[in-house]
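Heads up: the structure comes next, in structure tokens.
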Amino acid sequence: MKKLQVLLIAAATLVLAGALTTGGLYLYTRQHTVPKGTVLAGWDVGKMGIDAVSAELAGQLNALSSLPLRLTAPDGTTVAVTLAQAGVSYDAKAFTERMNRMEEGSLLGRVNARRTFAGSYALSVHYDFAKLKAILSPAWEQASFGLPVDATRRISDDDRVLYTPGTTSLEVNWPALESALQAAVPTQLTAAGSTAIALELPLSVKHPAVTLEALQAQGVERKIVEFSTSLGASGPGRSFNVESAAKAVNGTILPPGAVFDYGKAIAKAQTEYGFREAPVIVNGQLQPGTGGGICQVSSTLYNAAVRTGLEIVERRNHSLPVGYLPKGQDATFSEGYINFRFRNNTGKYLVIKTAVQGRVLTVKFFGTFPRNVTYGLNSRTVEVLSPPSRYVSDPSLPRGGTRLLKKGRSGYVVETYITKYVDGKAVERTRLSRDVYPAQKQVVAINRGGTSRNLPSETPERPLVEDGVRGS
């Protein structure tokens with residue numbers, strides 16, 4: 001009996017102790033204050049009510065975000081915004097989550113949260129630089145500092161190559177600004193009442209897309225060749241066509257290794273200037289057509305190109321000799337069939353200038369070329385081709401009689417040689433081309449007797465239009 005009493009007393013004691021402990025823990029967790037020794041971003045919140053801290057914290061964070069930020073460029077340009085407008089935001093999420101755990105959850109959890117809560121807490125700072133970039137936008141940069149201006153190159157009327165330097169402008173150095181802002185932004189709640197944050201706006205030089213150095217490095221130093229041909233008695237249509245083709249070529253810039261394509265220039269001329277009616281060459285015969293005269297431009301270009309040692313990629317002589325150049329020194333063009341092309345093998349850029357003035361077509365190349373090197377051309381006829389005859393029947397003539405209906409033309413085989421001169425002395429002579437100008441048939445009427453019938457006719461040739469873009 002006595003032993004039972006002891007057990008009951010012990011159990012009652014344990015129950016009482018547990019109750020007292022539980023009650024004590026409950027009272028511990030119901031303090032509703034922040035434990036002593038707690039500091040949030042320089043703000044001593046120990047012993048403050050939890051509700052009061054939560055309420056005041058929101059105001060403190062808002063005060064930080066509202067701090068003025070003044071950005072001043074070296075030229076005095078100033079931008080004033082708040083930290084919030086600049087994309088800076090704050091939160092104390094780690095602190096508030098731990099503070100909430102003292103009020104929520106199991107008893108032991110709340111006890112442990114309170115027991116371990118005291119200490120120093122920092123704010124979390126977040127940066128959304130897209131907001132500040134929207135303020136300091138490219139449009140703002142342009143309005144504040146202007147735009148860079150490209151360097152330019154122009155060729156004067158007296159053939160001098162003139163360069164004008166470009167100008168720079170300024171733009172925001174974003175990596176430097178982001179670093180400076182992160183270093184200057186306050187992280188202590190005690191700074192909420194501070195004055196404006198002043199920063200020098202870091203800027204970088206914005207260079208033009210085309211700099212003087214890059215332009216000069218292209219090597220367009222001087223006029224390296226000039227060649228001219230006369231329009232002679234060309235009619236208005238032909239003169240117009242020569243000018244149209246020349247304008248399409250004028251200003252062409254050829255990088256090193258690039259190929260000049262006359263067909264592309266003619267397509268440009270057709271689109272931008274058009275062509276007029278003038279005689280063209282159709283199967284070796286002059287006929288009315290459109291674009292007559294355009295080969296004077298290709299031929300003049302050819303002479304300028306060979307006189308600077310450029311690589312001729314594609315070139316063919318006319319089927320008829322031309323009046324503005326010696327035989328063997330012309331370059332024909334037939335849309336879709338015959339082109340004229342050359343490669344810029346000078347190692348530097350090449351600028352082509354073309355113009356018609358006073359009934360003279362002039363082609364000039366500007367670039368880099370040795371001053372002591374020149375080229376000369378010499379052409380000679382090595383064979384004269386007699387015109388063949390074509391006969392047609394004419395019974396009105398006496399038997400065996402003939403009559404010349406169309407006079408033929410002799411043809412020529414021409415060889416052209418190019419000589420390279422260094423310091424005025426010939427150092428190399430090579431054959432540049434061997435050209436054939438076909439003889440043109442003469443047409444003869446004849447009466448060979450017998451029944452009246454025509455002699456077998458020739459198969460019509462496929463029309464080949466030279467020196468124009470369309471035959472009639």
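One residue is enough: does segment 169-180 have a residue meeting the conditions in contact (Cβ under 8 Å) with a residue 60 or more places away in the chain, exposed (fewer than 15 other Cβ atoms within 10 Å of the Cβ) and not in a strand (DSSP E or B)?
No, segment 169-180 contains no residue that is in contact (Cβ under 8 Å) with a residue 60 or more places away in the chain, exposed (fewer than 15 other Cβ atoms within 10 Å of the Cβ) and not in a strand (DSSP E or B).
Out of all the residues in segment 181-212, which are assigned to a loop (DSSP other than H, G, I, E, B) and more than 30 Å from Leu254 (Cα to Cα)?
Once the filter is applied, which keeps residues that are assigned to a loop (DSSP other than H, G, I, E, B) and more than 30 Å from Leu254 (Cα to Cα), segment 181-212 yields Val185, Pro186, Thr187, Gln188, Ala192, Gly193, Ser194, Thr195, Ala196, Leu201, Pro202.
Within segment 344-368, count every residue that is over 29 Å from Arg238 (Cβ atoms) and either β-branched (Val, Ile, Thr) or not in a strand (DSSP E or B) (or both).
Matching residues across segment 344-368 total 7.
Kindly indicate whether any position in segment 213-221 is outside any loop (DSSP other than H, G, I, E, B), farther than 30 Å from Thr308 by Cβ and open to solvent by 30 Å² or more (accessible area, probe 1.4 Å).
no
Which residue out of Arg110, Arg154 is outside any loop (DSSP other than H, G, I, E, B), under 30 Å from Thr252 (Cβ atoms) and charged (D, E, K, R)?
Testing whether each residue is outside any loop (DSSP other than H, G, I, E, B), under 30 Å from Thr252 (Cβ atoms) and charged (D, E, K, R) leaves just Arg154.
Does Ala233 satisfy the condition of being under 30 Å from Val280 (Cβ atoms), of a type in the set (A, V, I, L, M, F, W, C) and open to solvent by 40 Å² or more (accessible area, probe 1.4 Å)?
Here the answer is yes, as Ala233 does meet what is asked.
In this structure, is Ala139 more than 26 Å from the chain's Cα centre (by Cα), of a type in the set (Gly, Ala, Ser), open to solvent by 60 Å² or more (accessible area, probe 1.4 Å) and at pLDDT 95 or above?
no
Restricting attention to segment 295-318, does a residue exist that is charged (D, E, K, R) and crowded, with 22+ Cβ neighbours inside 10 Å?
There is at least one residue in segment 295-318 that is charged (D, E, K, R) and crowded, with 22+ Cβ neighbours inside 10 Å.
Checking the conditions here, which among Leu162, Leu203 is of a type in the set (A, V, I, L, M, F, W, C), touching a strand residue (DSSP E or B) at 6+ places or on another chain (Cβ under 8 Å), in contact (Cβ under 8 Å) with a residue 24 or more places away in the chain and open to solvent by 40 Å² or more (accessible area, probe 1.4 Å)?
Leu203
Looking at segment 398-443 only, could you name the residues that are open to solvent by 60 Å² or more (accessible area, probe 1.4 Å), in a strand (DSSP E or B) and small (Gly, Ala, Ser)?
Ala426
The values are calculated or read from the model by the stated rules, or taken from the named source; none is laboratory data. What you see is a predicted model; the values in this text were computed from it and never measured. Cβ coordinates were reconstructed from backbone atoms using ideal geometry, including for glycine residues, and neighbour counts include every protein chain displayed. What goes into the accessible areas is simple: the full protein's heavy atoms, side chains included, and nothing from ligands, DNA or RNA. Shrake-Rupley method; radii C 1.70, N 1.55, O 1.52, S 1.80 Å.
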